[in-house]
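Asks: Here you go, one structure.
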């Protein structure tokens, strides 16, 4: 299929060492994907010019701490290894992205959940 990874794999592991603390780690793999389209100047298949979309692996880490019956604090670090997806290659004046989807660099998400 066009623009779809040949292989995909996800794995998540959760750990709850206490009643108040839980943590998880998640990995995701996206294999190389078939690149469709043509080079605008030459009419040559883009795949022949720069190859398939590149595969990648990401890891995410998160956890939740229950402060009280009414308050949970959570945090997630996405893209732990800070994989960068803004890579490109210029061929005959045409720019080709290395990756099919531009994922965000490492980022931190924090939340407080208050119930009343």
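Values quoted throughout were computed directly from the atomic coordinates according to the rules given, and no laboratory measurement underlies them. Because the structure is a prediction, the values reported are computed rather than measured. All Cβ positions, even for glycine, are placed from backbone atoms using ideal geometry, and neighbour counts span all protein chains on display.
Asks: Pairs of alpha-carbon atoms within less than 8 angstrom and 6+ residues apart define the contacts here; what relative contact order does the chain have, in percent?
Replies: Working: 246 pairs, mean separation 24.9, N = 116.
In percent, rounded to a whole number, it is 21.
Asks: Assuming 1.567 mPa s and 4 °C, estimate D for the chain with Stokes-Einstein, Rh taken as the Kirkwood radius over Cα pairs, in µm²/s.
Replies: Values: Rh = 16.9 Å.
Answer from the Stokes-Einstein relation: 77 µm²/s.
Asks: Once you put a point 7 Å from the Cα of residue 13 and another 7 Å from the Cα of residue 84, both along the Cβ direction, what distance in nm separates them?
Replies: So the two model labels end up 3.0 nm from each other.
Asks: Using 7 Å Cα-to-Cβ label points, what is the residue 108/residue 92 separation (nm, one decimal)?
Replies: So the label points at residue 108 and residue 92 sit 4.8 nm apart.
Asks: Please list, in order, the residues from segment 85-106 whose amide nitrogen is less than 16 Å from a point placed 7 Å along the Cα→Cβ vector of residue 36.
Replies: 100-101
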